[in-house]
Amino acid sequence: MAFPTIFSCRRIVFKLFVVQFIAFQANAAPSRIISFPGDDTPQTDKEVVLNYLNKFYGCSEDRCNLLVLRDTLKKMQKFFSLQETGEVDAQTVAIMKKPRCGVPDVANYKFFPRKPIWQKKDITYRILGYTPDLDEEVINDAFFRAFKVWSDVTPLTITRIMDGEADIMINFGRNEHGDGYPFDGKDGLLAHAFAPGPGIGGDSHFDDDEQWTLGDGQVVKVKYGNADGEFCKFPFLFEGTEYNSCTPQGRDDGFLWCSTTYNFNEDGKYGFCPHELLFTIAGNADGAPCKFPFTFQGEKYDACTTQGRDDGYRWCATTDNYDQDKSFGFCPETAMSTVGGNSEGSPCVFPFTFLGDTYEACTTSGRSDGKMWCASTKSYDDDSKWGFCPDQGYSLFLVAAHEFGHALGLEHSEDPGALMAPIYTYTKDFRLPNDDIKGIQELYGEMNCVPTDKPLPPTQGPVTPMDICKETVVFDAVAQIRGETSLNIV
Ligand SMILES: [Zn+2]
Ligand SMILES: [Zn+2]
C-alpha cells in the first residue's frame with residue numbers, strides 16, 4: 001500500500017489555516033435565509049402541527065379540519081402533560097419539533113391494530129444493512145446491548161442469525177425505503193419499528209440521514225498507525241492544542257489522524273481516521289481502498305459517487321476500471337462527512353462560497369434554525385450541494401433499545417422518563433426505567449431469577465449484576481439461579 005507509515009510529529013510545518021469545526025465566517029453580516037434543496041424541514045407552525053397530528057395521532061389530512069384538529073391537539077397535549085388548550089402554542093410546537101420515533105402515539109392506528117406479542121420465548125434478529133457512520137462491530141454491539149435491555153428483565157432469549165428470515169429484520173434507509181413510511185432527512189423522525197407479527201412485523205428501520213453515534217459525538221475507529229482498531233479519544237492533546245475531531249495537522253499527506261489516548265505527546269498512540277483511500281466497506285473487494293480515477297459506464301470518476309445506485313450510498317471502484325473488473329466497495333464516512341442535505345454524505349469542502357461570501361468552516365448562514373451546515377463542492381452558488389455538519393449525533397444503542405421495545409409489542413409511554421417515551425433523550429449511563437420494565441413484563445412475564453446487587457469478585461471482570469442470571473458463574477447460589485433460569489426458558 002502506498003501509504004506513509006512514519007509519523008513525524010516532531011517535524012511539523014505549522015500551517016496558517018487552523019482546525020475545521022471552529023466556526024469562522026469571512027463575513028459576519030447576517031445573510032438572508034434561503035431554502036435549501038432537499039430540505040423539507042422549514043415549515044410554518046400550522047404545517048408542523050398538521051403534519052405531526054397526521055403522522056402520530058391519526059388525524060388524516062382530509063379530516064383534520066378545525067374541530068377535529070382541536071380535539072386531536074388536546075390528545076397530543078395530554079400525552080405530553082402539556083396544558084390541554086387545543087391551541088397551537090409555542091410550547092406545543094417546540095415539543096413537535098424535537099427528534100423522535102416514527103411510531104404513532106395513539107394505539108389502534110396503523111402500526112398496532114391489536115396488542116400483538118410474540119407467541120414464543122425464543123426470538124431471532126438479523127442485521128441486513130449497516131450505516132457507514134459507525135464501525136460494523138460497534139453497530140453489532142449496540143444492537144446486541146439494545147436487545148439485552150429487554151431480555152435481561154423477561155424470560156425472552158433473543159438471538160442473532162446471519163441469514164434467512166428472522167423475526168426482527170433490521171436495516172438502515174433514507175426517505176422512502178420500501179415500506180410506505182418514509183423517513184424525513186436529518187432530525188425529526190429517527191427510526192421506526194413494526195409490532196410483532198409475520199412478514200414486516202417486528203422489523204426495525206433506522207433513518208440513515210441521521211448521524212449515528214453512541215450519543216456524544218463521532219465514534220471513530222482508527223486504521224493502521226500504532227493503535228489499529230482502537231478508538232479516537234476526543235478531545236486529545238497534540239502540541240498544546242486540544243482536538244475534537246480527526247485532524248491533518250502535523251502531516252503533509254492530507255490524511256486525517258487522531259490520538260487514541262488523551263495526550264499524544266506523552267503516549268504517542270495514534271491511528272488514521274476512516275478514508276476511502278485507506279479502505280472501503282462491504283462491496284466485493286474485501287475492504288480494498290478506492291482507486292481514483294476509475295471508469296464506470298465509460299465515465300471517469302475522481303471521487304466516491306452514488307451513480308448507478310438508487311439508495312444514495314457512496315461507492316467507488318477498487319481498480320481503475322469498474323466496467324472491466326467489477327470490483328467495488330462503499331466509502332466510509334470521513335471526519336468531515338456531511339449529514340442529510342443533498343450530498344449523500346460527501347465531505348465538506350473548505351473554503352466554499354455561499355451567496356458570494358467565502359466560508360472556511362461550517363456555518364449557520366442562510367438558515368433560520370441555527371443548524372450548522374457546509375457545502376460539499378467549492379461553490380454552493382454554482383452547485384447547490386450541501387449537508388449538515390457532524391454534531392453529537394444520536395445514540396444507536398438508545399434508539400435501537402426503544403425501537404426493539406416496539407418490535408416486542410410495546411407502545412409509546414406517557415412517562416417522559418421512560419425509554420418508550422416517543423421523544424429522543426440522551427442518557428449517558430442507561431438503566432431501563434421501571435415504567436418500561438413493568439410494560440414488558442406485562443407482555444412476557446418476569447425474569448425467572450432474582451438479580452442481585454452483590455458485588456462480583458474482581459476476577460469476574462466488568463459484568464453488571466443483571467448478567468449473573470445468564471453468565472456461567474462458579475458460585476453455588478448463582479449457579480442455582482442460573483439453573484432455574486434455563487429450566488424456565490426452555
Ligand atoms: Zn417509538
Ligand atoms: Zn421503514
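The values are calculated or read from the model by the stated rules, or taken from the named source; none is laboratory data. Since we're looking at a predicted model, the values are computed, not measured. Cβ: placed from backbone, ideal geometry, glycine included. Neighbour counts: every protein chain shown.
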> Of (1) in contact with a strand residue (DSSP E or B) (Cβ under 8 Å, 6 or more places away or on another chain); (2) modelled with pLDDT under 90; (3) farther than 29 Å from residue 391 by Cα, residue 122 satisfies all except one. Which?
Replying inline: (2)
> Which residue out of 116, 99, 104 is surrounded by 15 or more Cβ atoms within 10 Å (Cβ to Cβ) and either within 16 Å of ligand 2 (Cβ to nearest atom) or of a type in the set (Lys, Arg) (or both)?
Replying inline: 104
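Restricting to the stretch 180-196, what's the tally of residues that are more than 10 Å from ligand 2 (Cβ to nearest atom) and either of a type outside the set (Lys, Arg) or outside any loop (DSSP other than H, G, I, E, B) (or both)?
7
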> Do we find a residue being modelled with pLDDT of 90 or more and within 16 Å of ligand 1 (Cβ to nearest atom) anywhere in the stretch 235-246?
Replying inline: no
> Residues of the stretch 388-403 being more than 10 Å from ligand 1 (Cβ to nearest atom) and out of contact with any Lys or Arg (no Cβ under 9 Å at 6 or more places or on another chain), which ones?
Replying inline: 390, 392, 393, 394, 395, 396, 398
> Just for the stretch 204-222: of the residues that are surrounded by fewer than 22 Cβ atoms within 10 Å (Cβ to Cβ) and over 24 Å from residue 97 (Cα atoms), which one is farthest from ligand 1 (Cβ to nearest atom)?
Replying inline: 221
> In the stretch 79-179, which strands (runs of 3 or more DSSP E) lie fully inside it and hold 3 or more residues that are within 22 Å of residue 333 (Cβ to Cβ)?
Replying inline: 168-173
> Only one of (1) within 16 Å of ligand 1 (Cβ to nearest atom); (2) modelled with pLDDT of 95 or more; (3) surrounded by fewer than 16 Cβ atoms within 10 Å (Cβ to Cβ); (4) of a type outside the set (Lys, Arg) fails for residue 414. Which number is that?
Replying inline: (2)
> Can you name the condition, by its number, that residue 389 falls short on among (1) closer than 30 Å to residue 304 by Cβ; (2) of a type outside the set (A, V, I, L, M); (3) modelled with pLDDT of 95 or more?
Replying inline: (3)
> Could you count how many residues in the stretch 275-304 are touching a strand residue (DSSP E or B) at 6+ places or on another chain (Cβ under 7 Å) and over 14 Å from residue 320 (Cβ atoms)?
Replying inline: 10
